[in-house]
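Asker: Here it is, the structure in full.
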Amino acid sequence: MQAKERDICTYLKSLPGQFVSAREIARRAGGKSRHRENPHWAAPVIAKLLEKKVIETDSAHNYRLIVKERKPKRWISPQMKKILEANGNFTHVIENEDSPEA
């Protein structure tokens with residue numbers, strides 16, 4: 001991912017689920033100097049991100065970041081689950097990326 005693409009994705013990540021116009025993206029994601037030099041700098045970058053299916057658009061041509069579904073959280077171990085449930089603390093859960101769901 002190029003720097004301009006990363007700038008746009010970072011900006012859209014700060015507004016989860018909210019659609020933003022291309023003009024606002026160009027103004028906020030690149031900074032004042034980039035926007036003053038070329039107010040339409042974001043248009044080709046947005047087109048690339050749409051092709052890559054990183055962002056999506058609505059009927060008014062506003063854009064938002066596509067949020068990937070998170071994997072369900074799992075306990076560190078069954079023994080830790082038992083200990084934490086006995087103490088009333090259920091916050092120590094990790095995401096297991098390698099092994100399948102149990």
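Please treat every number below as a calculation from the coordinates, not as lab data. In this text the structure is predicted, and so the values were computed from the model without any measurement. Cβ: placed from backbone, ideal geometry, glycine included. Neighbour counts: every protein chain shown.
Asker: Which whole-Hz ³J(HN,Hα) couplings does the stretch 69-79 yield from phi under the Karplus relation 6.51 cos²θ - 1.76 cosθ + 1.60, θ = phi - 60°, glycine and proline marked x?
Answerer: Per residue, the Karplus-derived 3J(HN,Hα) values read 5, 7, 6, x, 7, 10, 6, 4, 7, x, 5 Hz.
Asker: In the Gaussian network model of the chain, springs joining C-alpha atoms below 10 Å, which of Ser77, Ser21, Ser59 carries the largest mean-square fluctuation?
Answerer: Ser77
Asker: I would also like to ask the following. Run through the stretch 23-75 and list the trypsin sites (Lys or Arg not before Pro) located in a DSSP loop whose Cβ has at most 12 other Cβ atoms within 10 Å.
Answerer: The qualifying sites are Lys52, Lys53, Lys68, Arg70.
Asker: How much mean residue ellipticity at 222 nm does the chain get from its helices, if each DSSP H run of length 4 or more adds -39500 (n - 2.57) and you divide by all residues, to the nearest 500 deg cm²/dmol?
Answerer: The helix-only estimate for the chain comes to -13000 deg cm²/dmol at 222 nm.
Asker: Right, something else. Kirkwood hydrodynamic radius (Cα pairs, Å) of the chain?
Answerer: Roughly 16.4 Å, rounded to one decimal.
Asker: Further, regarding this structure: Excluding Ala60 itself, what net charge comes from residues whose Cβ is under 14 Å from its Cβ, given Lys and Arg +1 and Asp and Glu -1?
Answerer: -1
Asker: Do any of Lys52/Lys73; Lys4/Lys71; Lys4/Lys48 go past 21 Å between their Cα atoms, and which?
Answerer: Lys52/Lys73; Lys4/Lys71
Asker: Computed FRET efficiency, Cβ-Cβ of Thr10 and Gln79, R0 35 Å: what is it to the nearest 0.05?
Answerer: Plugging the Cβ-Cβ distance into 1/(1 + (r/R0)^6) gives 0.30.
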